[in-house]
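Undergrad: One structure is given below, represented as structure tokens, and several questions about it will come after.
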Amino acid sequence: MQLTHFSDPGCPWAWSAGPAFATLHWRYGDQLTWRLVLIGLSETAAQYERRGYTGERQAKGYRSFRRRGMPFATEPRPRMHATWPMCRVVIAARRLYPTREWEVFRALQFAQFTSTLQLDDPAGLEQALAWLDGIDARGLVAASLEAETEALFAEDRALARTAAGRPIEFQGRSATTPEGEVRYTAPSVVFRANDGASLEAGGFQPVEAYDVLIANLDRSLTRREPATDVAEVLDAFPAGLTTYEVAAVMAPHLTPPDRDAAEDALISLAAEGGAHRRPFGNDALWLSALRHTSALAA
């Protein structure tokens with residue numbers, strides 16, 4: 001099944017969808033083929049400023065998103081920044097590191113929501129990517145300014161602005177650009193089966209909504225049961241998961257994720273040397289210690 005995922009590294013709703021997407025990856029694995037389409041929420045910081053956004057307002061908004069499980073920091077940024085530069089970096093990763101596009105996207109999300117880095121500045125973008133092993137952060141940021149990257153980004157933006165008349169608009173989950181284009185909101189997903197049939201999930205949705213769409217499109221897929229071992233979870237996600245993402249992958253059907261139980265198990269695994277904890281905001285990214293050690297040695 002093909003999934004077209006419309007998103008932007010600057011959207012807190014998209015960041016908060018991490019637990020649901022981790023569950024889909026665990027449940028269906030490589031039976032789902034994901035395509036990331038960058039929306040490009042804001043070309044300039046002035047677009048946010050005209051709407052009354054400040055670093056203080058942004059930080060207070062981030063605090064309100066914590067209840068959805070993902071890590072957020074609340075130190076106010078000195079100023080707002082646009083998201084187009086981040087989107088261009090992700091497009092550049094698609095060109096130069098095609099198997100790590102999602103990892104670069106996630107690193108920028110971590111920087112957006114758990115730091116005060118200015119992510120419309122090359123130095124800030126490089127710092128946001130510096131912890132990724134095997135990624136030339138300076139080279140990637142430089143590539144984000146190349147004409148080929150800009151052309152691919154323009155294609156993504158154009159595709160993201162084709163929501164007029166689609167189910168997402170009918171549901172009231174689309175947005176309208178200043179130019180009057182109806183666009184997909186983050187993190188909208190279009191599910192397309194191999195026979196061409198498709199269904200749309202507009203904007204932020206619970207994992208049950210995605211599961212309903214998949215079940216109605218293709219019941220030949222193998223559906224994996226929830227995980228029962230945190231070590232097995234981390235082994236399945238080489239780029240790591242946050243605490244609540246691990247809890248979501250382990251949650252029984254129609255049962256809220258048990259964050260405390262997942263964190264206790266992760267702490268025990270780390271104490272045994274089986275996991276590495278990288279702090280971010282009010283939480284952390286957990287990685288398999290074996291994979292973390294191998295990356296450091298590479």
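We did not get these values from a lab; they are worked out from the coordinates using the rules stated. Everything quoted here is computed from the prediction, not taken from an experiment. Glycine also receives a Cβ, built like all others from the backbone with ideal geometry; neighbour counts cover every protein chain displayed.
Undergrad: The stretch 1-37 to the stretch 81-130: how many Å between their Cα centroids?
TA: 17
Undergrad: Additional query: Of the chain, which part is the longest with no trypsin sites (Lys or Arg not before Pro) in a loop (DSSP not H, G, I, E, B) and with at most 15 other C-beta atoms within 10 angstrom? Can you show the working numbers first?
TA: Values: sites that count: Arg51, Arg79, Arg219, Arg223, Arg224.
For trypsin sites (Lys or Arg not before Pro) (loop position, at most 15 other Cβ atoms within 10 Å), the longest site-free span of the chain is 80-218.
Undergrad: Moving on. If each of Asp30 and Arg223 carries a label point 7 Å out from its Cα toward its Cβ, how far apart are those two points in nm?
TA: Placing both labels 7 Å along Cα→Cβ, they lie 2.3 nm apart.
Undergrad: Label the stretch 144-240 by shape, choosing from rounded, prolate and oblate, from the square roots a ≥ b ≥ c of the eigenvalues of the Cα gyration tensor; if a/c is under 1.5 it is rounded, and otherwise prolate applies when a/b is larger than b/c, oblate when it is not. Mind showing how you got there, number by number?
TA: Working: a/c = 2.19, a/b = 1.41, b/c = 1.56.
Oblate is the answer for the stretch 144-240, as a/c is 1.5 or above yet b/c matches or exceeds a/b.
Undergrad: Residue separation times 0.36 nm, minus the C-alpha to C-alpha distance between Glu272 and Thr54: what's the value? Working shown, then result.
TA: Working: separation 218, 0.36 × 218 = 78.48 nm, distance 4.35 nm.
Difference between extended and current length: 74.1 nm.
Undergrad: Efficiency by 1/(1 + (r/R0)^6): what FRET value for Ala236 and Ala209, r their Cβ-Cβ distance, R0 = 22 Å, to the nearest 0.05? Don't skip to the answer; put the middle values down first.
TA: Numbers: r = 23 Å, r/R0 = 1.04.
Efficiency, rounded to the nearest 0.05: 0.45.
Undergrad: With only Lys, Arg, Asp and Glu charged, each at its Cβ (+1 for the first two, -1 for the last two), find how big the charge dipole of the chain is about the Cα centre; round to the nearest 20 debye. Working shown, then result.
TA: On the way: 31 positive and 37 negative charges, 128 e Å.
Dipole of the chain, to the nearest 20 debye: 620 debye.
Undergrad: Next up: Rounded if a/c is under 1.5, else prolate if a/b beats b/c, else oblate: with a ≥ b ≥ c from the C-alpha gyration tensor eigenvalues square-rooted, which is the stretch 63-220?
TA: Working: a/c = 1.66, a/b = 1.49, b/c = 1.12.
Verdict is prolate for the stretch 63-220.
Undergrad: At R0 = 45 Å, how high is the FRET efficiency between Asn194 and Ala45 if r is their beta carbon distance? Nearest 0.05 is fine. Don't skip to the answer; put the middle values down first.
TA: Numbers: r = 43 Å, r/R0 = 0.95.
Working from the Cβ atoms, E equals 0.60.
Undergrad: Something else: Which Cα, out of Ala17, Trp131, Phe65, lies furthest along the positive dipole direction of the chain (beta carbon charges, K/R +1, D/E -1)?
TA: Farthest along the dipole direction, towards plus: Phe65.
Undergrad: Could I ask something else about it? Once R0 is set to 51 Å, what does the formula 1/(1 + (r/R0)^6) return for the Cβ-Cβ distance between Leu290 and Ser64, expressed as a FRET efficiency to the nearest 0.05?
TA: Working: r = 37 Å, r/R0 = 0.72.
It comes out at approximately 0.90.
Undergrad: Still on this structure, I have one more. Can you pull out the chymotrypsin sites (Phe, Trp or Tyr not before Pro) in the stretch 74-133 that DSSP calls coil and that have at most 14 other Cβ atoms within 10 Å? Can you show the working numbers first?
TA: Working: sites: Trp102, Phe105, Phe110, Phe113, Trp131; in loops: Trp131.
When the chymotrypsin sites (Phe, Trp or Tyr not before Pro) of the stretch 74-133 are filtered for loop state and at most 14 Cβ neighbours within 10 Å, Trp131 remain.
Undergrad: Here's something else I'd like to know. Let me know the shape class of the chain, please: from the alpha-carbon gyration tensor, a ≥ b ≥ c as square roots of the eigenvalues, rounded when a/c is under 1.5, otherwise prolate if a/b is greater than b/c, or oblate.
TA: Details: a/c = 1.45, a/b = 1.11, b/c = 1.30.
Rounded shape, in that the Cα axes give a/c under 1.5.
Undergrad: Within the stretch 156-201, list the GluC sites (Glu not before Pro) lying in a DSSP loop whose Cβ has at most 11 other Cβ atoms in a 10 Å radius.
TA: Filter output for the stretch 156-201: Glu179.
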